[in-house]
Amino acid sequence: DTGVSQDPRHKITKRGQNVTFRCDPISEHNRLYWYRQTLGQGPEFLTYFQNEAQLEKSRLLSDRFSAERPKGSFSTLEIQRTEQGDSAMYLCASSSPPGGEWNTGELFFGEGSRLTVL
Amino acid sequence: TQLLEQSPQFLSIQEGENLTVYCNSSSVFSSLQWYRQEPGEGPVLLVTVVTGGEVKKLKRLTFQFGDARKDSSLHITAAQPGDTGLYLCATLKAAGNKLTFGGGTRVLVKP
């Protein structure tokens, strides 16, 4: 399977604990995005990378959130000192380079990592 | 105020009925995408519309981009239970390929 994969699919944690999510994008895609989605709402942009560079961060991304993509391949999203308001689905997506032959503007999403903070 | 407003928020219909969902904005867009998201899954692209007035068909789904490129609609003919899901419109900001989504319309098609 060459789709976007995310791990874990589900995480239940207690308030105040740290959690980390991993995303493996489609291998030839150099752009990687993180979105957050609460129940019944559309996804909200958090941040994106082009290769290993983090090019944009949303104001939604508080200082408790950190994302990395050290080698330009997989990415991690860490949430420190979790709060109940962090409960959501965290979606990762990837896309091919802009302007390239295969770029259609489409984002390819993983199945998401659902976080529940008790 | 959201950049993209979707209506209705929820729609429940019987199998075989038709439905239309809307995506509206006060801004002009160079393109607009429609995604469908099933429970427990990530969104999947259905179509991209680019030209004002454009109409695209995907089997029983018809997508229209407004003449002024500020709004779009999705019409489903003879809905089936497999059409159940969250329908999301999204606009692409060229710099960074960053997608901004609407709040979505949740569609339930009952057998």
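The values are calculated or read from the model by the stated rules, or taken from the named source; none is laboratory data. All figures in this text were calculated on a predicted structure; none of them were measured in a lab. Here the Cβ is made from the backbone with ideal geometry for all residues, glycine too, and neighbour counts use every protein chain on show. The area values use the complete protein model at the heavy-atom level, side chains included, leaving out ligands, DNA and RNA. Shrake-Rupley method; radii C 1.70, N 1.55, O 1.52, S 1.80 Å.
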Report task. Report the semi-axes of the equivalent ellipsoid for the stretch B:1-77 in whole Å, largest first, where each axis is √(5λ) for an eigenvalue λ of the Cα gyration tensor. Result -> 20, 15, 13
Query raised in the report: Once phi is turned into ³J(HN,Hα) by the Karplus curve 6.51 cos²θ - 1.76 cosθ + 1.60 with θ = phi - 60°, what whole-Hz value does each residue of the stretch B:19-33 show in order, with x for glycine and proline?
Result: 8, 9, 10, 10, 9, 10, 7, 8, 9, 8, 10, 6, 7, 9, 10
Report summary line: With a Förster distance of 25 angstrom and the Cβ-Cβ distance between B:Phe10 and B:Lys70, calculated FRET efficiency to the nearest 0.05 equals 0.60
Query raised in the report: In bins 5 Å wide, starting from 0, what share of all Cα pairs of the stretch A:1-82 does each bin hold, as a percent?
Result: 3, 14, 23, 26, 21, 10, 3, 0
Report summary line: In nm, the gap between the two label points placed 7 Å beyond Cα toward Cβ at A:Ser66 and A:Ser87 is 2.7 nm
Report task. Eight or more residues apart or on different chains, and alpha-carbon atoms under 25 Å: count the Lys pairs in the protein assembly as shown matching that. Result -> 15
Requested in this report: Using only protein heavy atoms and a 1.4 angstrom probe, determine the accessible area buried between B and A, summed over both sides, in Å² to the nearest 100.
Outcome: 1600 Å²
Query - Zero-based 10 Å bins, Cα pair distances in the stretch B:1-46, whole percents - result: 19, 46, 31, 5
Report summary line: The ³J(HN,Hα) series, computed from each phi in the stretch B:80-85 with the Karplus coefficients 6.51, -1.76 and 1.60 at θ = phi - 60°, rounded to the nearest Hz and given as x for glycine or proline, is 10, x, x, 7, 4, x
Report summary line: Residues of the stretch A:73-96 with backbone N under 16 Å of the label point set 7 Å from the Cα of A:Lys14 along Cα→Cβ are A:81-84
Query raised in the report: Once amide H atoms are placed 1.01 Å from N in the peptide plane, what residues at a sequence separation of 5 or more from B:Lys98, or on another chain, have their amide H within under 5 Å of its amide H?
Result: B:Lys93
**Report entry** More than 27 Å apart - percent of Cα-Cα pairs taken over the protein assembly as shown
**Finding:** 35 percent
Report task. Report the residue, chosen from A:Arg59, A:Arg15, A:Arg36, that carries the largest GNM mean-square fluctuation when chain A is represented by alpha-carbon nodes joined by springs under 10 Å. Result -> A:Arg59
Report task. With all distinct Cα pairs included, what does the Kirkwood hydrodynamic radius of the stretch A:37-95 come out to in Å, to one decimal, could you say? Result -> 12.4 Å
